[in-house]
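One structure is given below, encoded as structure tokens.
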């Protein structure tokens, strides 16, 4: 009996020491590139950040544009000034220190310097992309400057995620056959229990190293997928879900959190609080 008690005590100490060792690991550094109102609900991503910080040991850097693209109601002089010299996104350079980037950045133009920086970050860092992150930004590289893998800045989504926006679509989703055990979606049947109506996307997959995880039930249009770039080994993850879904659906939050750890090649359990 005495040896059994001693063994249990040693086991408890071992488990405790492992837990303490995990606690000493640095938190996962996440740069969150935020879309600007009114294109998406910032509140949904603020709620995601709060949930993420309560659930995991993470360090989030919030990076948000201050000026959206002009609309039809914007005075002509302001439109010309915006496109002639797009305002900088504050603290974008801080993304370079992140372990992984979450981006939902959309409907914003970047100057040449920041376009180069953003494209280099999004083609080298682990990236998790939300709705619209694969299109709808105005980028322009300096003359003579190229970013490896990006042949056309207007097609940056395909270069990063391996898939491009090709129109709108609606319907019921399903986990693609053979993908149910992928660590980002495993055990999350709720992901496919709500209809995307017209908020689904048609997609053109342009890379053969994409793994489709969720698709439309009828059309088989891919809506969520991951990619391990066969040339660079960069890991990226894309989902059509937007801040409304992230705020309303815990399954979407869980999937995106898992995607951050998957992309960064970290073990999710090591960072849970």
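The values are calculated or read from the model by the stated rules, or taken from the named source; none is laboratory data. Note that the structure is a prediction, hence the values are computed from the model and not measured. No Cβ is skipped: glycine too gets one built from the backbone with ideal geometry, and neighbour counts run over all protein chains shown.
Taken over the range 180-194, the criterion of being in a loop (DSSP other than H, G, I, E, B), over 19 Å from the mean Cα position of the chain (by Cα) and either surrounded by 13 or more Cβ atoms within 10 Å (Cβ to Cβ) or touching a residue at least 60 places away in the same chain (Cβ under 8 Å) (or both) is satisfied by 180, 194. Checked against (1) out of contact with any strand residue (DSSP E or B) (no Cβ under 9 Å at 6 or more places or on another chain); (2) closer than 26 Å to residue 34 by Cβ; (3) in contact (Cβ under 8 Å) with a residue 12 or more places away in the chain, residue 152 meets all criteria but (3).
Look at residue 211 and say whether it is touching a residue at least 12 places away in the same chain (Cβ under 8 Å), more than 14 Å from the chain's Cα centre (by Cα), surrounded by 15 or more Cβ atoms within 10 Å (Cβ to Cβ) and under 24 Å from residue 122 (Cα atoms). Yes, satisfied. When you scan the range 39-51, do you find a residue that is more than 18 Å from residue 246 (Cα to Cα), modelled with pLDDT under 95 and outside any helix (DSSP H, G or I), even just one? Among the residues of the range 39-51, not one is more than 18 Å from residue 246 (Cα to Cα), modelled with pLDDT under 95 and outside any helix (DSSP H, G or I), which makes the answer no.
Among the residues in the range 231-249, are any more than 19 Å from the chain's Cα centre (by Cα), part of a helix (DSSP H, G or I) and more than 28 Å from residue 50 (Cα to Cα)? Break it down stepwise before answering.
The first filter runs over the range 231-249 and keeps only residues more than 19 Å from the chain's Cα centre (by Cα), leaving 231.
Narrowing further to those that are part of a helix (DSSP H, G or I): none.
No: the range 231-249 contains no residue that is more than 19 Å from the chain's Cα centre (by Cα), part of a helix (DSSP H, G or I) and more than 28 Å from residue 50 (Cα to Cα).
State whether one or more residues within the range 261-271 are in contact with a helix residue (DSSP H, G or I) (Cβ under 6 Å, 6 or more places away or on another chain), buried (at least 16 other Cβ atoms within 10 Å of the Cβ) and closer than 28 Å to residue 120 by Cβ. Yes.
For the range 236-249, the criterion of being out of contact with any helix residue (DSSP H, G or I) (no Cβ under 8 Å at 6 or more places or on another chain) and under 25 Å from residue 124 (Cβ atoms) is met by no residue. If the condition is being out of contact with any helix residue (DSSP H, G or I) (no Cβ under 9 Å at 6 or more places or on another chain) and under 23 Å from residue 164 (Cβ atoms), then the range 193-208 contributes 197, 198, 200, 201, 202, 203, 208. Figure legend. Inter-residue proximity from the range 106-117: first residues farther than 18 Å from residue 157 by Cβ, second residues assigned to a helix (DSSP H, G or I) and at pLDDT 95 or above, beta-carbon distance below 6 Å, spacing 6+ or different chains. No pairs are indicated.
Has the range 156-163 got at least one residue that is assigned to a strand (DSSP E or B), more than 20 Å from residue 34 (Cα to Cα) and within 19 Å of the chain's Cα centre (by Cα)?
yes
Against the condition surrounded by 19 or more Cβ atoms within 10 Å (Cβ to Cβ) and part of a loop (DSSP other than H, G, I, E, B), how does residue 140 come out, does it pass? No: the conditions fail for residue 140. Taking (1) at pLDDT below 90; (2) under 16 Å from the mean Cα position of the chain (by Cα) in turn, residue 60 satisfies each apart from (1). Within the range 63-79, take every residue that is loosely packed, with under 14 Cβ neighbours inside 10 Å and part of a helix (DSSP H, G or I) and give me the one that is nearest to the chain's Cα centre (by Cα). It comes out as 78. The single condition among (1) part of a loop (DSSP other than H, G, I, E, B); (2) in contact with a helix residue (DSSP H, G or I) (Cβ under 9 Å, 6 or more places away or on another chain); (3) at pLDDT 95 or above that residue 135 does not satisfy is (3).
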